[in-house]
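Trainee: The structure is given below, and queries will be raised subsequently.
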Amino acid sequence: MSLHLALFVVTLTVGQVQSEEDFAAADKGCAGKKRTSCARLGKIIEKGDITLEELEHALETLTAACGQKIAEACAVAAVAYDQGDSVEGRDAEKALSFFKKACALSDSASCASAKLLARDPSKSVQAQRQAEEARKALPAVTRECLELRAPSCIRLGGFLEEKALTGEDAARALETLNTACDKQLPHACAGAARAYNLRGDREKALMLYTRACDLGVSASCLEAKFMRKMDEILVK
C-alpha cells in the first residue's frame with residue numbers, strides 16, 4: 001500500500017470513528033434529557049452520516065425525550081419525519097404531532113411549522129417556506145436577471161432546481177433565464193439547462209449545457225459530456 005493510500009485509509013477510519021463517537025454522545029445526552037444533545041442529534045440526522053439502525057434508534061431516543069417534555073427533542077423528531085429522515089420515509093401525520101408537542105412546550109418555531117403543515121400536509125415545511133421565499137423574491141430577481149446580473153440568474157435557477165416555483169411562476173422564471181442566456185450570460189444558460197433536464201427535455205438541456213460550456217462554465221462542459229455519453233450508451 002502506498003503512503004498516500006495508507007494515509008487516506010487512516011483518515012477515513014478516524015473520521016468514521018469520530019462520527020460514531022459523536023452520534024453515541026449525542027444519543028446518550030439526549031436520552032439524559034440534555035437539550036443541546038437532542039439538537040445535536042438532529043444535526044447528525046440531517047447530515048445523513050448514520051446507518052438505518054442508528055437512525056431508528058435516534059428517533060426512539062427523541063420520542064422518549066419528547067415524552068419527557070424536552071421541546072428540542074419534539075422539534076427535531078418533527079423535522080426528521082417531515083423531511084423523510086426516517087426508516088419509513090416521510091410521515092406528515094407524525095411530523096405534525098411532534099410539531100404540536102414542541103409548540104405546547106413553548107417552541108414558537110414549531111408552532112409556525114405546525115400551522116404550515118396543517119395547511120398543506122403534502123409538502124414539507126421546508127418546501128413551503130422555500131416556495132414562499134421564491135414567490136416573494138421573484139419580481140426583483142426576475143428584473144435583475146433580465147439586467148444580466150449573474151447572482152440573480154443563479155438564484156432564479158436555484159428556485160427552479162429546488163422546485164420552489166410552480167405553474168406560471170416557473171414558466172416565467174424559465175423564460176427569463178432563456179432571455180438572459182440569449183444575451184450570452186453563461187450561468188443563465190446553465191440554470192435553464194438544469195431546469196429543462198429536470199423536466200425531462202434532454203435535447204433542450206444538452207443544447208443549453210453546450211452553450212453554457214462555450215461561454216466558460218466548466219461544470220456545464222462536464223454535464224454536456226455526461227449526457228452525450230449516456231445517449232451513446234442508450235443507442236447501443
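Trainee: Relative to the longest principal axis of the C-alpha atoms of the chain, give the angle of the C-alpha long axis of helix 52-67, reported between 0 and 90° and rounded to the nearest 10°.
Mentor: It is inclined by approximately 60 degrees.
Trainee: Can you give the accessible area of ARG155, probe radius 1.4 Å, in Å² rounded to 10?
Mentor: Answer for ARG155: close to 100 Å² accessible.
Trainee: Of all the accessible heavy-atom surface of the chain, with the other protein chains kept in place and a 1.4 Å probe, what percent is carbon and sulfur?
Mentor: On the way: 7620 of 13830 Å².
Carbon and sulfur together cover 55 percent of it.
Trainee: Further question on the same structure: Can you compute the radius of gyration and Dmax for segment 24-63, using only the Cα atoms, both in Å?
Mentor: My reading of the Cα-based Rg and Dmax gives 8.9, 23 Å.
Trainee: Still on this structure, I have one more. Once Rh for segment 69-218 is found with the Kirkwood sum over Cα pairs, what is the Stokes-Einstein diffusion coefficient at 25 °C and 0.890 mPa s, in µm²/s? Please report the intermediate quantities before stating the final value.
Mentor: Details: Rh = 16.9 Å.
In µm²/s, the coefficient is 145.
Trainee: Charges only on Cβ, +1 for Lys and Arg, -1 for Asp and Glu: so what's the dipole of the chain about the Cα centre, in debye to the nearest 20? All intermediate terms of the calculation are to be shown ahead of the outcome.
Mentor: Values: 33 positive and 34 negative charges, 120 e Å.
It comes to approximately 580 debye.
Trainee: For segment 92-178, how big is Rg over Rh, using alpha carbon atoms and the Kirkwood form of Rh?
Mentor: On the way: Rg = 16.1 Å, Rh = 14.2 Å.
Rounded to two decimals, Rg/Rh equals 1.13.
Trainee: Projected onto the charge dipole of the chain (+1 at Lys/Arg Cβ, -1 at Asp/Glu Cβ, origin at the Cα centre), which of THR210, ILE154, ALA77 gives the Cα projection farthest towards the positive end?
Mentor: Of THR210, ILE154, ALA77, it is ILE154.
Trainee: How large is the Rg to Rh ratio of segment 90-143 when both quantities use alpha carbon positions and Rh follows Kirkwood? Could the numbers behind the result be given before it?
Mentor: On the way: Rg = 13.3 Å, Rh = 12.0 Å.
My calculation puts Rg/Rh at 1.11.
Trainee: Given Cβ point charges of +1 (Lys, Arg) and -1 (Asp, Glu) and nothing else, what value in debye, to the nearest 20, does the dipole of segment 84-161 about its Cα centre take?
Mentor: On the way: 13 positive and 11 negative charges, 52 e Å.
With Lys and Arg at +1 and Asp and Glu at -1, about 240 debye.
Trainee: On the principal axes of its Cα set, how long, how wide and how thick is segment 33-111? Give whole Å, largest value first.
Mentor: 32, 26, 18
The values are calculated or read from the model by the stated rules, or taken from the named source; none is laboratory data. Since we're looking at a predicted model, the values are computed, not measured. Don't worry about glycine lacking a Cβ; one is built from the backbone with ideal geometry, like all the others, and counts go over all protein chains shown. Just the protein is used for accessible areas: all its heavy atoms, side chains included, with ligands, DNA and RNA removed. Shrake-Rupley method; radii C 1.70, N 1.55, O 1.52, S 1.80 Å.
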